[in-house]
Amino acid sequence: MPKQVDHEGRRRRIAEAVCLLVDEHGLEGVTLRDVATRAEVSMGAVQRCFRTKEEMLLFALADVGERVAERVRSRLVAGPAQSAAVELGLVAGEVALLREEHRAEARIWLAFVAGAAVNPALAATLRSSYAALEELMVRLVAEAAGGEVVGGSVIGGETAGGAVVARTEARTLLALADGLTTHVLVGHRTVAEAEEVLHTHLAGLWARC
């Protein structure tokens with residue numbers, strides 16, 4: 001009986017190899033041969049999974065984004081009784097990739113961001129990840145302010161113009177968390193300082209709500 005191949009598992013294994021190489025050498029340092037070696041598969045197996053290097057990079061980038069999103073979902077599910085304000089802080093912390101165990105992931109993410117500046121396909125994938133995070137933050141900001149999301153818009157709440165405020169605050173928080181990733185990675189801010197920046201911003205947000 002022919003051996004069954006777990007194609008999705010192999011694609012994720014290759015994506016992990018891509019990320020390891022990106023962390024070590026940047027996007028330009030990723031070669032088909034090195035990916036095959038690191039993933040412990042043949043070059044032919046890599047080519048059967050991905051037609052081009054760009055397709056392979058896009059899948060790896062989407063995989064990194066999904067790992068972050070999965071951690072966010074896990075943190076939210078782990079504490080269903082948490083307030084929306086607490087949940088928003090948890091989401092922002094995960095997006096910022098501040099913890100030591102996520103330092104390599106932060107380097108990989110920023111390497112892809114740099115590549116996306118000149119690669120429209122990578123940029124599109126990044127925009128999709130950011131958009132999903134923004135929508136989650138919009139909902140949490142609205143809930144914390146006493147409103148709710150209906151048909152994609154925010155209604156109710158204690159703050160005038162809830163939809164505009166929630167969207168603006170979510171965009172600001174996402175940009176802040178994303179920017180802190182870079183500041184910590186290059187040593188401009190310590191992790192403790194970055195966490196304090198997030199805490200101060202969120203405290204100000206709830207004061208305005």
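The values are calculated or read from the model by the stated rules, or taken from the named source; none is laboratory data. As the structure is a prediction and not an experimental result, all values here were calculated from the model. Glycine also receives a Cβ, built like all others from the backbone with ideal geometry; neighbour counts cover every protein chain displayed. Quick note on the areas: whole protein, heavy atoms, side chains included, nothing else; ligands and nucleic acids left out. Shrake-Rupley method; radii C 1.70, N 1.55, O 1.52, S 1.80 Å.
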Legend entry - Counted charge near Pro120, where neighbours are those whose Cβ lies closer than 15 Å (Asp, Glu -1; Lys, Arg +1): -1
Inset, instruction - Bin width 5 Å, alpha-carbon pairs only: give the P(r) of segment 22-138 as whole percents, running from 0 to the bin holding the largest distance. - result: 2, 10, 19, 20, 18, 13, 9, 6, 3, 1, 0
Inset, instruction - Let me know the charge dipole size of segment 54-123 about its Cα centre in debye, to the nearest 20, where only the beta-carbon of Lys, Arg (+1) and Asp, Glu (-1) is charged. - result: 220
Inset, instruction - Run the dipole for the chain about the Cα centre, Lys and Arg Cβ at +1, Asp and Glu Cβ at -1, nothing else charged, and hand back the magnitude in debye, nearest 20. - result: 580
Legend entry - Average accessible surface area per residue within the chain, 1.4 Å rolling probe, Å²: 53
Legend entry - For Ser129, net neighbour charge (Lys/Arg +1, Asp/Glu -1) across residues whose Cβ lies under 15 Å away: -3
Legend entry - Highest to lowest packing among 123-133, 55-65, 12-22, 184-194, scored as the average C-beta count within 10 Å: 12-22, 55-65, 123-133, 184-194
Inset, instruction - Would you be so kind as to identify which of Ser74, Tyr130, Gly115 lies farthest towards the positive end of the dipole of the chain, taking Lys and Arg as +1 and Asp and Glu as -1 on Cβ and the Cα centre as origin? - result: Gly115
Legend entry - From the C-alpha gyration tensor of the chain, square roots of 5λ in Å: 36, 19, 15
Legend entry - Nitroxide proxy distance, nm - points 7 Å out along Cα→Cβ at Ala104 and Arg75: 2.1
Legend entry - Inverse of mean 1/r across different Cα pairs in segment 1-51, Kirkwood, Å: 11.2
Inset, instruction - Could you tell me what percent of the accessible area of the chain is made up of carbon and sulfur, with a 1.4 Å probe and every protein chain present? - result: 56
Legend entry - Extension gain (nm, one decimal) between Glu193 and Tyr130, 0.36 nm per residue minus Cα-Cα: 20.3 nm
